[in-house]
Amino acid sequence: MINLSRQQQSFRLVGSINGLDNNVKVVAKDRGASGVITLNPLESRQLTVAEIQDLFDSRKLAFTGITYRRTQIDDGLPEGLYTVCAYAVDAVRNNLQLSEETCSNSFPVTNLEPPILITPVADAELPALPVQNLLFTWTVPASAPPTTEYTLQMVEIVPGMNPNNALQAATVPVFFERTVQTNTLLYGPADPPLVAGRKYAYRVTATDPMQKAVFRNGGRSEVHTFTYLSNVSQPMMTASRIRLISPSDSLWASGKIPVMEVNKQKPFGIFWFPGSEFVTVDSSQVYYETITYQENGLTKTSKIRRGLIF
């Protein structure tokens with residue numbers, strides 16, 4: 001602030017926040033929202049936080065285009081392009097404006113994206129293993145602070161029930177809920193047992209315990225479902241009967257062993273070492289790919305779910 005006069009000036013600041021693309025406006029209910037500020041003749045001074053902290057006291061503001069309650073529920077202003085403006089009024093006579101209104105450069109208010117679920121994939125069919133072992137993974141939202149926490153919720157859904165409604169209507173506690181600080185969660189034998197043949201829905205919610213980051217959709221990811229299949233026996237195949245034709249050896253990184261499931265309805269798992277034939281093992285599925293192979297001299301094509309063991 002600069003006092004251009006040769007007299008001491010005592011004034012208050014009146015501020016406003018203006019949405020340029022969403023019709024949101026926040027202004028002081030009465031002129032002179034800040035405390036009294038005094039500048040000596042021709043004095044130039046940068047104001048402190050203490051001097052202007054009352055400028056946008058929520059108890060003294062009027063909202064247009066949004067309600068105060070909405071800002072509390074959504075953790076702030078809605079997304080958009082904003083400017084902050086202020087002007088000075090006489091400390092005693094609030095109706096006497098001492099300066100022109102000055103505004104900041106426009107700036108965006110954007111919320112962070114919620115996590116994106118990776119595994120299990122949507123509508124996955126997961127075989128029941130002798131020892132319960134299921135890995136949940138999701139993305140870390142861009143620009144999310146390192147303090148971000150992730151809460152995974154899982155519910156069982158009955159036939160005909162909408163997965164989103166199932167999670168929304170879930171009683172407390174839900175079938176499973178845990179908060180972690182990383183983007184992975186290993187669901188193991190110590191967790192509530194999954195029932196073979198049942199279908200489950202899950203989602204992950206990101207929150208910032210420091211309350212500095214705001215996520216879209218309340219930080220909630222989309223909802224994925226998976227079916228926990230019965231523990232079916234794996235049909236055996238001899239190494240001399242199966243040989244991979246495509247994809248070629250070059251598509252596999254050296255030293256990594258792909259694990260494949262050739263038939264989704266009647267699964268069997270196979271190890272394949274580059275340059276060798278198949279050997280049967282338990283399968284581990286991550287994502288789909290079409291392969292061509294030979295069985296008993298016949299060329300066949302199947303869609304497989306592929307994983308990598310290191």
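The residue list ALA206, ALA169, ALA190 contains one member that is small (Gly, Ala, Ser), more than 20 Å from the chain's Cα centre (by Cα) and under 30 Å from THR71 (Cβ atoms), which is ALA169.
Of the residues PRO108, PRO146, only one is surrounded by fewer than 16 Cβ atoms within 10 Å (Cβ to Cβ), of a type outside the set (Lys, Arg) and assigned to a strand (DSSP E or B); which? Can you show your working first?
Numbers: PRO146 fails: assigned to a strand (DSSP E or B).
Of PRO108, PRO146, the one residue that is surrounded by fewer than 16 Cβ atoms within 10 Å (Cβ to Cβ), of a type outside the set (Lys, Arg) and assigned to a strand (DSSP E or B) is PRO108.
I need the full set of residues from the range 54-70 which are of a type outside the set (D, E, K, R) and either under 30 Å from the mean Cα position of the chain (by Cα) or surrounded by 15 or more Cβ atoms within 10 Å (Cβ to Cβ) (or both), in order please. Reasoning before the result, please.
If we filter the range 54-70 for residues that are of a type outside the set (D, E, K, R), which is where we start, we get 55-56, 58, 61-68.
Result: LEU55, PHE56, SER58, LEU61, PHE63, THR64, GLY65, ILE66, THR67, TYR68.
Among the residues making up the range 16-36, a single one is in contact (Cβ under 8 Å) with a residue 40 or more places away in the chain, surrounded by 18 or more Cβ atoms within 10 Å (Cβ to Cβ) and over 17 Å from GLY76 (Cα atoms): GLY32.
Being at pLDDT 90 or above and over 14 Å from ILE52 (Cα atoms) is the filter here; which residues of the range 17-37 pass it? ILE17, ASN18, GLY19, LEU20, ASP21, ASN22, ASN23, VAL24, LYS25, VAL26, VAL27 - these are the residues of the range 17-37 that are at pLDDT 90 or above and over 14 Å from ILE52 (Cα atoms). For GLU125, the criteria (1) over 30 Å from VAL214 (Cβ atoms); (2) surrounded by 15 or more Cβ atoms within 10 Å (Cβ to Cβ); (3) without any contact (Cβ under 8 Å) to a residue 60 or more places away in the chain hold in every case but one, which is (3).
Among all residues of the range 165-181, there is none that is touching a residue at least 60 places away in the same chain (Cβ under 8 Å) and out of contact with any Gly (no Cβ under 9 Å at 6 or more places or on another chain). Set side by side, the residues SER10, SER34, SER16 differ, and just one is of a type in the set (Gly, Ala, Ser) and part of a loop (DSSP other than H, G, I, E, B), which is SER34. Tell me which of these SER106 doesn't satisfy, since it passes every other one: (1) within 30 Å of LEU185 (Cα to Cα); (2) among the hydroxyl-bearing types (Ser, Thr, Tyr); (3) at pLDDT 95 or above. Going through (1) within 30 Å of LEU185 (Cα to Cα); (2) among the hydroxyl-bearing types (Ser, Thr, Tyr); (3) at pLDDT 95 or above one by one, SER106 breaks only (1). Taking the range 1-29 as the range and being over 17 Å from THR71 (Cα atoms) and among the β-branched types (Val, Ile, Thr) as the test, the residues that pass are ILE2, VAL14.
Which residue is nearest to ASN111 (Cα to Cα), if the candidates are limited to the range 200-234 and must be surrounded by fewer than 21 Cβ atoms within 10 Å (Cβ to Cβ), modelled with pLDDT of 90 or more and among the charged types (D, E, K, R)? Result: ARG216.
Please tell me if LEU81 is in contact (Cβ under 8 Å) with a residue 60 or more places away in the chain and either assigned to a helix (DSSP H, G or I) or closer than 30 Å to VAL223 by Cβ (or both). In short, no.
The values are calculated or read from the model by the stated rules, or taken from the named source; none is laboratory data. Quick caveat, the model's predicted, so the values are computed rather than measured. We place every Cβ from the backbone using ideal geometry, glycine too, and count neighbours over all the protein chains shown.
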